[in-house]
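Q: Structure below; questions to follow.
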Amino acid sequence: MSKSKILVVGGTGYIGKRIVKASLAQGHPTYVLMRRELGFEIEKLQMLLSFKKQGAHLIEGSFSDHQSLVDAVKQVDVVICTMSGVQFRSHNILLQLKLVDAITEAGNIKRFLPSEFGIDPSRMVSDVDYGKETFEDKMIIRKAIEDAKIPYTYISANGLGGYFVGNLSQFGSLVPPKEKVSIYGDGNCKACFMDEDDVATYTIKTIDDPRMLNKTLYLRPDENIVTQNQLVEKWEKVSGVTLRREHISKEDFLASMKLDMDEAIRAALARIYHIFYEGCMMNFEIEEGEEASKLYPEVRYTRMDEYLARYL
């Protein structure tokens with residue numbers, strides 16, 4: 001059976017560029033939406049041209065031109081959207097409603113993977129409201145997809161290593177601390193973190209897999225389920241550095257979120273609270289979905305000590 005043709009929307013982004021790479025690597029005819037609004041963003045243009053050199057097809061289109069989206073969708077079998085949903089970059093989740101409309105009119109798409117790639121929004125119950133629009137918007141997109149009866153797969157990738165592992169989950173930096181590390185609560189709340197390339201690999205694996213039709217794929221491999229304490233210990237082992245621990249109580253962390261700050265920063269703090277105080281990644285059993293490493297045991301996923309070794 002021939003492999004499905006894939007259109008990646010948001011192909012120059014943090015996850016999108018990896019999705020394009022994985023799609024090509026797994027032999028799918030790969031198309032990338034080149035938005036007319038690109039303007040003078042030369043880095044994005046050069047990335048798109050590099051995709052073309054690697055064998056991807058560029059399709060011009062615009063979210064302000066419905067017909068261009070319909071025409072783009074009609075050329076493929078599967079659409080994967082990787083538009084940003086974090087407040088401190090760009091927050092474009094609801095723009096996908098235009099993509100849902102185009103897919104509905106085109107009528108040929110056999111699978112749509114909307115922009116998720118994080119914490120499962122359907123599982124989010126929190127005692128803080130900061131940043132909740134990300135989860136609410138994702139649920140609006142899910143409802144639109146399901147109301148339109150578009151076949152789908154949702155990807156719950158939990159924590160991306162670049163944001164949570166290399167910095168030992170310290171706020172305000174993306175690299176490991178040198179002397180002291182802030183520990184949230186007692187540091188024993190379980191979480192799961194993933195290498196971004198592995199997220200892309202698992203995502204593409206689902207495309208022609210009938211087992212993942214209208215289901216959620218959870219990226220939660222056993223060896224990447226760690227507490228913050230264990231993450232710090234892994235760094236100390238690979239680096240030879242001993243860090244001084246400073247624990248932050250739940251009450252103090254909540255108080256810090258009420259200080260005067262940009263709302264995007266407050267939303268980022270809320271995400272740390274969800275993960276390390278509420279345990280949102282690991283406070284449920286997978287019942288209506290599949291776990292990636294068990295479904296695709298042939299994928300050799302990156303362990304977090306390997307991920308941390310990149311920062312030496």
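Q: Restricting to the stretch 228-247, name every residue that is β-branched (V, I, T) and either over 18 Å from K190 (Cβ atoms) or at pLDDT below 95 (or both).
A: Those that are β-branched (V, I, T) and either over 18 Å from K190 (Cβ atoms) or at pLDDT below 95 (or both): V238, V241, T242.
Q: Scan the stretch 133-146 and tell me whether some residue there is in a loop (DSSP other than H, G, I, E, B) and either among the aromatic types (F, W, Y) or surrounded by 18 or more Cβ atoms within 10 Å (Cβ to Cβ) (or both).
A: No: the stretch 133-146 contains no residue that is in a loop (DSSP other than H, G, I, E, B) and either among the aromatic types (F, W, Y) or surrounded by 18 or more Cβ atoms within 10 Å (Cβ to Cβ) (or both).
Q: Taking M282 as the residue in question, decide whether it is within 26 Å of Y152 (Cα to Cα), out of contact with any Ser or Thr (no Cβ under 6 Å at 6 or more places or on another chain) and touching a residue at least 40 places away in the same chain (Cβ under 8 Å).
A: Spelling it out, M282 is indeed within 26 Å of Y152 (Cα to Cα), out of contact with any Ser or Thr (no Cβ under 6 Å at 6 or more places or on another chain) and touching a residue at least 40 places away in the same chain (Cβ under 8 Å).
Q: Further question: Looking at (1) closer than 24 Å to K17 by Cα; (2) aromatic (F, W, Y); (3) in contact (Cβ under 8 Å) with a residue 24 or more places away in the chain, which is the one condition that is false for Y184?
A: Only one criterion in (1) closer than 24 Å to K17 by Cα; (2) aromatic (F, W, Y); (3) in contact (Cβ under 8 Å) with a residue 24 or more places away in the chain is unmet by Y184, namely (1).
Q: Which pairs do you get when a residue that is touching a residue at least 12 places away in the same chain (Cβ under 8 Å), found in the stretch 100-115, comes within reach of a residue that is part of a helix (DSSP H, G or I) and among the polar types (S, T, N, Q), reach meaning Cβ atoms under 7 angstrom, with the pair 6+ apart or on two chains?
A: Filtered contacts from the stretch 100-115: L113/T203; P114/Q96; S115/Q96.
Q: Quick check: is even one residue across the stretch 103-117 on the phi > 0 side of the Ramachandran plot, crowded, with 18+ Cβ neighbours inside 10 Å and in contact with a Gly (Cβ under 9 Å, 6 or more places away or on another chain)?
A: yes
Q: Considering K250, K215, K205, which residue is farther than 30 Å from K5 by Cβ and at pLDDT 95 or above? Reasoning before the result, please.
A: Working: K215 fails: farther than 30 Å from K5 by Cβ; K205 fails: farther than 30 Å from K5 by Cβ.
Answer to the selection: K250.
Q: Among the residues of the stretch 9-66 satisfying the criterion of being among the aromatic types (F, W, Y) and surrounded by fewer than 21 Cβ atoms within 10 Å (Cβ to Cβ), which is modelled with the lowest pLDDT?
A: Only one residue fits best here, namely F40.
Q: Another question, if that's okay. Among the residues that make up the stretch 89-98, is at least one of them part of a strand (DSSP E or B), within 30 Å of E136 (Cβ to Cβ) and open to solvent by 50 Å² or more (accessible area, probe 1.4 Å)?
A: Yes, the stretch 89-98 contains a residue that is part of a strand (DSSP E or B), within 30 Å of E136 (Cβ to Cβ) and open to solvent by 50 Å² or more (accessible area, probe 1.4 Å).
Q: Follow-up question, since we're still on this one. When residues of the stretch 67-78 are filtered for being of a type in the set (A, V, I, L, M, F, W, C) and either open to solvent by 50 Å² or more (accessible area, probe 1.4 Å) or over 24 Å from the mean Cα position of the chain (by Cα) (or both), how many remain?
A: 1
Q: Are there any pairs with C-beta distances below 7 angstrom linking a residue in the stretch 57-78 that is touching a residue at least 12 places away in the same chain (Cβ under 8 Å) and assigned to a strand (DSSP E or B) to a residue that is open to solvent by 80 Å² or more (accessible area, probe 1.4 Å) and of a type in the set (D, E), with the two at least 6 apart or on different chains, and if so which?
A: Matching pairs, first to second residue: S62/E37.
Q: Follow-up question, since we're still on this one. Is it true that S115 is at pLDDT 95 or above, of a type in the set (G, A, S) and under 19 Å from the mean Cα position of the chain (by Cα)?
A: Here the answer is yes, as S115 does meet what is asked.
Q: Is it the case that D101 is modelled with pLDDT of 95 or more, within 23 Å of M83 (Cβ to Cβ), touching a Lys or Arg at 6+ places or on another chain (Cβ under 7 Å) and of a type in the set (D, E)?
A: Spelling it out, it is not the case that D101 is modelled with pLDDT of 95 or more, within 23 Å of M83 (Cβ to Cβ), touching a Lys or Arg at 6+ places or on another chain (Cβ under 7 Å) and of a type in the set (D, E).
Q: Related question: Only one of (1) buried (at least 16 other Cβ atoms within 10 Å of the Cβ); (2) in a loop (DSSP other than H, G, I, E, B); (3) touching a Ser or Thr at 6+ places or on another chain (Cβ under 7 Å) is not met by P177, so which one is it?
A: The single condition P177 does not satisfy is (3).
The values are calculated or read from the model by the stated rules, or taken from the named source; none is laboratory data. All values reported here derive from a predicted model rather than from experimental measurement. Neighbour counts are summed over all protein chains in view; Cβ atoms, including those assigned to glycine, are modelled from backbone coordinates with ideal geometry. SASA here: full protein model, heavy atoms, side chains in, ligands and nucleic acids out. Shrake-Rupley method; radii C 1.70, N 1.55, O 1.52, S 1.80 Å.
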